[in-house]
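Some notes on the structure that comes next.
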Amino acid sequence: MQIYGRNPVFEALRNGEVLEVLVAKGIEPRIVRELEEHNIPLKFIPRIEMDQMVGSTQHQGLIAEIADLHFSDVEDIFDLAEERGEQVLMVLLDGITDPRNFGAIIRSAEVLGAHGVVVEERRSAPLSAVVAKTAAGATAYLPIAQVKNMARFIDQLKDHGVWVYGAAGEARMGVAQVDYDRPLALVIGSEGDGMRRLVREKCDELVSIPIVGKIQSLNASVAASILIYQAMQSRAK
């Protein structure tokens, strides 16, 4: 798997995930020196060849070869929460098929303090290089789990005392009006259709993010970030 761009590549280097780095000929010497500090094989190639490899000119002269990403077990999410001494907070993605949104949610979840992200097997973007690049290294720290059926998984969570809140623009309850001080899963639906009916019906609460502008919806990754932040801030009080 390949990722590109300086921030994602150096983050992957810090995580020990990189097998080899392709470097554009003529790149600044200081970048080469920083790369050499990681004792990873470097291969210098023409920049135009990089453009063709990734289908973009936005690689900033660096492409890293990394091992393919793999899903974690759901138990890893609970283990991380226990390791931190915290009540579990996970993010369930119901129909997020855009890899950039998927990666951005993973990044926000890790940065803001959630313990993991769960997707359904058939209704999710795959764990691809685009996801890895957008997540900017967060996949190395945050468990990403996959389940066969999201609605049944929610039932299993409830059996283990986990509450489930779904993001819904039309919900009467605002994000600041619910209790986050409990084991919790936050559900984010697809941008076009939101949560599927059965998943929505399984939620303990539906919550909305107040909208004051003329555009009446938020990007899924932004909505996820707001909900995670609200949950963590509420728990900190």
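May I ask you to verify whether M50 is under 22 Å from P126 (Cα atoms) and of a type outside the set (D, E)?
Against the criterion (under 22 Å from P126 (Cα atoms) and of a type outside the set (D, E)), M50 does not qualify.
Name the single residue, out of those in the range 101-110 being open to solvent by 10 Å² or more (accessible area, probe 1.4 Å) and not polar (S, T, N, Q), that is farthest from A81 (Cα to Cα).
Only one residue tops the list, namely A104.
Filter the strands (runs of 3 or more DSSP E) completely within the range 1-74 down to those with at least 2 residues that are in contact (Cβ under 8 Å) with a residue 12 or more places away in the chain, within 30 Å of L92 (Cα to Cα) and open to solvent by 40 Å² or more (accessible area, probe 1.4 Å).
Those strands (runs of 3 or more DSSP E) span 2-4.
Restricting to the range 68-108, count the residues that are within 15 Å of the chain's Cα centre (by Cα) and of a type in the set (K, R).
Of the residues in the range 68-108, 2 are within 15 Å of the chain's Cα centre (by Cα) and of a type in the set (K, R).
Name every residue in the range 33-87 that is under 22 Å from A136 (Cβ atoms) and among the β-branched types (V, I, T), in order of residue number.
I40, V54, T57, I63, I66, I77
Would you mind telling me which numbered condition in (1) of a type outside the set (A, V, I, L, M, F, W, C); (2) buried (at least 22 other Cβ atoms within 10 Å of the Cβ); (3) in contact (Cβ under 8 Å) with a residue 40 or more places away in the chain D98 fails?
(2)
Is it the case, given these coordinates, that S56 is within 30 Å of L157 (Cα to Cα) and among the hydroxyl-bearing types (S, T, Y)?
On the way: within 30 Å of L157 (Cα to Cα): no; among the hydroxyl-bearing types (S, T, Y): yes.
Considered against the rule, which asks whether it is within 30 Å of L157 (Cα to Cα) and among the hydroxyl-bearing types (S, T, Y), S56 comes out as no.
Out of (1) among the basic types (K, R); (2) in contact with a helix residue (DSSP H, G or I) (Cβ under 8 Å, 6 or more places away or on another chain); (3) open to solvent by 60 Å² or more (accessible area, probe 1.4 Å), what's the single condition that is false for K202?
Just one mismatch for K202, condition (3).
The values are calculated or read from the model by the stated rules, or taken from the named source; none is laboratory data. Source: prediction; values computed, not measured. As a convention, Cβ positions derive from the backbone with ideal geometry for all residues, glycine included, and neighbour counts pool all protein chains shown. Please note that ligands, DNA and RNA were not included when accessible areas were found on the heavy atoms of the full protein model with its side chains. Shrake-Rupley method; radii C 1.70, N 1.55, O 1.52, S 1.80 Å.
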